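Undergrad: A single structure is presented below for examination.
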Amino acid sequence: MEIAKPEHSEQSVLVRATVLNGFSALLSSVNNHTKTDAITLLKSVGIDPERIEDIEYFFPYSRFAELLKITARECVIPDIGLRFAFGQNSKILGPIAYLVLHSENIAQGIQDVARYLYHLSPAIRLYIHAHPAHPEVGIDLTNVGIPEPPFAVEHNIAATFNIMREFAQGELAATRVRFRHDQIAPTEVYRNLFKCPVEFNAERNSIEIQPQVLALKIQSADSGLHALVNDYFSMLEDSRSLPTGELSWSDKTYHLIEKLMHSGRISRQDVARRLGLHERTLQRRLKEEGTSFEALLEKARRDHVAKLLKPDGPPLSQIAGLLGYCEQSSFIRAFKRWYGVTPSQYLKDH
């Protein structure tokens, strides 16, 4: 299974800042490097170090690839992609992790990630070669707009392996790992991390696993919650194109907010860019129509909360993420402002 996405230019292929989870901590633990070194490296490739904890921050994927390359050279860490990925977990997926949490098994979890991975970055394509004897989970990075970056490829393969192992409760074992590029770290590094043979200059970037791995149950599986969250994602997918006909600027803005809300990328600047306007121009036109970006964002969140807040619905932390909130506490405050009670109290009364 492969989810094909349109080709993009180098600058338009973005990645969510969650991909940098743990970067500063990694450098602080290696060769006595400090957080200041991380800041210097981030700035050197045009990534704002003040925003790397912001789930709403996106930047060109090519900058992430360059960051790994420069870090490997400047800090003498040839296995930077591998080491970085093995220190991360499913949180780098952002809201997509909510679907995987409730997937029935590893196979369904991979399919969920493959379907919605472009919410992390359209640069990354995930697929399964479901061969009955030796299935493979593959990664493709040829959509970045630059030659396939080996450090970023190793990060993606290692992150995929590590996240699958996380949801399989540590029961995941690979039988072979393949990379299209030349070997860039010592042999023992790959062997110690993957515990299996590793090939280079292969035809594809992939992790070969035992067939029974795909059927491994995910401990937090819940078919009802999975269907609810998947329906919510699908509902927003169905509204990707603006409706035909004459629309006000507030209608167009509201529609884009609905589309982008669960991805976390809902800044006024980004919506204005997608509408072909300068941010201040959008602000002025919305004001002329008696509203604002902030008011429309809050309306969209309030309109959609009823689809998610149910007795058998997702936990509040997941609802907060699906509505584009960085913190559950921010969602609870907003809900209390809308309804005069907390979400928990609302559920008890309804």
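Undergrad: Give just the number: which of (1) at pLDDT 90 or above; (2) surrounded by fewer than 16 Cβ atoms within 10 Å (Cβ to Cβ); (3) in a helix (DSSP H, G or I) does residue 201 not satisfy?
TA: Just one mismatch for residue 201, condition (3).
Undergrad: Please find, among 299, 336, the residue that is in contact (Cβ under 8 Å) with a residue 40 or more places away in the chain, more than 20 Å from residue 119 (Cβ to Cβ) and either assigned to a loop (DSSP other than H, G, I, E, B) or open to solvent by 50 Å² or more (accessible area, probe 1.4 Å) (or both).
TA: Values: 336 fails: in contact (Cβ under 8 Å) with a residue 40 or more places away in the chain.
After ruling out the rest, the residue left standing is 299.
Undergrad: Determine whether residue 50 is in a helix (DSSP H, G or I), open to solvent by 20 Å² or more (accessible area, probe 1.4 Å) and over 24 Å from residue 163 (Cβ atoms).
TA: Here the answer is yes, as residue 50 does meet what is asked.
Undergrad: Can you name the condition, by its number, that residue 225 falls short on among (1) open to solvent by less than 40 Å² (accessible area, probe 1.4 Å); (2) out of contact with any His (no Cβ under 6 Å at 6 or more places or on another chain); (3) modelled with pLDDT under 90?
TA: Single failed check for residue 225: (2).
Undergrad: Return the residues of the stretch 53-87 that are open to solvent by 20 Å² or more (accessible area, probe 1.4 Å), in contact (Cβ under 8 Å) with a residue 60 or more places away in the chain and not charged (D, E, K, R); say none if nothing qualifies.
TA: 55, 58, 78, 86, 87 - these are the residues of the stretch 53-87 that are open to solvent by 20 Å² or more (accessible area, probe 1.4 Å), in contact (Cβ under 8 Å) with a residue 60 or more places away in the chain and not charged (D, E, K, R).
Undergrad: Please specify each residue of the stretch 266-282 satisfying the condition of being closer than 18 Å to residue 247 by Cα, part of a loop (DSSP other than H, G, I, E, B) and out of contact with any Lys or Arg (no Cβ under 7 Å at 6 or more places or on another chain). So that I can check it myself, show each step before the final result.
TA: Pass one, the stretch 266-282, residues closer than 18 Å to residue 247 by Cα: 271-277, 281-282.
When the remaining residues are screened for being part of a loop (DSSP other than H, G, I, E, B), the result is 275-277.
Listed by number, the residues that qualify are 276, 277.
Undergrad: OK, next. Applying the selection to the stretch 307-327, what residues are in a helix (DSSP H, G or I) and open to solvent by less than 70 Å² (accessible area, probe 1.4 Å)?
TA: Step one: filter the stretch 307-327 for residues in a helix (DSSP H, G or I), giving 307-308, 316-322.
Of everything in the stretch 307-327, those that are in a helix (DSSP H, G or I) and open to solvent by less than 70 Å² (accessible area, probe 1.4 Å) turn out to be 308, 316, 317, 318, 319, 320, 321, 322.
Undergrad: Can you tell me which residue in the stretch 49-64 is modelled with the lowest pLDDT, limited to those that are among the acidic types (Asp, Glu) and within 24 Å of residue 97 (Cβ to Cβ)?
TA: Just the residues of the stretch 49-64 that are among the acidic types (Asp, Glu), to begin with: 50, 53-54, 56.
From what is left, the residues that are within 24 Å of residue 97 (Cβ to Cβ) are 53-54, 56.
Values: 53: 85, 54: 80, 56: 70.
Selected residue: 56.
Undergrad: Out of 151, 161, 167, 200, report the one residue that is of a type in the set (Phe, Trp, Tyr) and over 20 Å from the mean Cα position of the chain (by Cα). Outline the logic, then answer.
TA: Working: 151 fails: over 20 Å from the mean Cα position of the chain (by Cα); 161 fails: over 20 Å from the mean Cα position of the chain (by Cα); 167 fails: over 20 Å from the mean Cα position of the chain (by Cα).
Being of a type in the set (Phe, Trp, Tyr) and over 20 Å from the mean Cα position of the chain (by Cα) holds for just one of 151, 161, 167, 200, which is 200.
Undergrad: Moving on to the next point. So which residues in the stretch 283-296 are open to solvent by 60 Å² or more (accessible area, probe 1.4 Å) and in a loop (DSSP other than H, G, I, E, B)?
TA: Keep residues of the stretch 283-296 that are open to solvent by 60 Å² or more (accessible area, probe 1.4 Å), which gives 283-285, 287-290, 294.
If the condition is that a residue be open to solvent by 60 Å² or more (accessible area, probe 1.4 Å) and in a loop (DSSP other than H, G, I, E, B), then 289, 290 are the ones that fit.
The values are calculated or read from the model by the stated rules, or taken from the named source; none is laboratory data. All values derive from a computational prediction rather than experimental measurement. Ideal geometry is used to build each Cβ from the backbone, glycine not excepted, and the neighbour counts take in all protein chains shown. The area values use the complete protein model at the heavy-atom level, side chains included, leaving out ligands, DNA and RNA. Shrake-Rupley method; radii C 1.70, N 1.55, O 1.52, S 1.80 Å.
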